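Before any comments, here is the structure.
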Amino acid sequence: MAFAAGAGYELEQVERSSRLTLPVPANQLDTLEMEACSRATGYVLVGWSDTCPDELLAECAVLKNRMSKDVPIAGLDWEAGDWDPARHRGKRLGLLIKAANLRAAQHRWPAARSVLTWNAVENRHMLAINNLLGFKPAGYEGEWQKRLG
C-alpha cells in the first residue's frame, strides 16, 4: 500500500473474498430457493453444463457484456452500464441463482469442500445473499488506479 500510494496510485475499490464450506445441507438450499421463488415470479431459471445451448447463445453474449459493465466500480474509471426502472432488484434473483448453482456444483463435484466468491464491499445486496447462504469473509484485495495527465 505504501509503495502504491507513494507512486501516485489511489485505492479505488476493495473486494471481499468469501468462503463457503461445503456441502450446504439440501434442506437449507430448499428453504432459500422456495423463499426466492416466491419473489421471483415471472422468471424461469435456466441452466446448463459446459457449453451454452445454441438457442441461448445470443442472450448469453448480451449477459456477458452486461456483466463487464454492471459490476460495482467504486471510484475506478470505467464505463457504467445502462440502468432503467425495470432492472431486477428485490426479486431475489441473486439468491435463486446462487442457491441453484451451489446445488449443481455439489452434485457435479461432490468432493469439493468449499467455494470462494469475490464481491465489491459496496455491493451490499450480493454480500447479504452470500451471508444468508453461509459465506464467511476470507480476505480482501484492493484495486488501485493512477490517473495520468
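Quick look at the numbers
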read-out	value
Some residue of the stretch 86-99 being out of contact with any strand residue (DSSP E or B) (no Cβ under 6 Å at 6 or more places or on another chain), of a type in the set (Gly, Ala, Ser) and not in a loop (DSSP other than H, G, I, E, B)	yes
Breaking point among (1) in contact with a Leu (Cβ under 9 Å, 6 or more places away or on another chain); (2) modelled with pLDDT under 95; (3) open to solvent by less than 100 Å² (accessible area, probe 1.4 Å), for residue 71	(1)
Of all residues making up the stretch 92-126, the number that are free of Cβ contacts under 8 Å to residues at least 40 places away in the same chain and of a type in the set (Asp, Glu)	0
Filter pass, residue 32 being in a strand (DSSP E or B), within 16 Å of residue 100 (Cα to Cα), at pLDDT 90 or above and of a type outside the set (Ser, Thr, Tyr)	no
Qualifying residues in the stretch 103-149 (those that are of a type in the set (Lys, Arg) and touching a Ser or Thr at 6+ places or on another chain (Cβ under 8 Å)) - the one least open to solvent (accessible area, probe 1.4 Å)	108
Residue 26 aliphatic (A, V, I, L, M), open to solvent by less than 100 Å² (accessible area, probe 1.4 Å), under 17 Å from the mean Cα position of the chain (by Cα) and at pLDDT 90 or above	no
Looking only at the stretch 100-129, and only at residues there that are part of a helix (DSSP H, G or I) and among the basic types (Lys, Arg), the one that is modelled with the lowest pLDDT	124
All positions within the stretch 1-54 that are over 23 Å from residue 142 (Cβ atoms) and among the polar types (S, T, N, Q)	21, 27, 28, 31, 38, 41, 49, 51
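The values are calculated or read from the model by the stated rules, or taken from the named source; none is laboratory data. Please read these numbers as outputs of a predicted model, since none were measured by experiment. We place every Cβ from the backbone using ideal geometry, glycine too, and count neighbours over all the protein chains shown. Just so you know, the surface numbers come from the protein's heavy atoms only, side chains and all, with ligands and any DNA or RNA stripped out. Shrake-Rupley method; radii C 1.70, N 1.55, O 1.52, S 1.80 Å.
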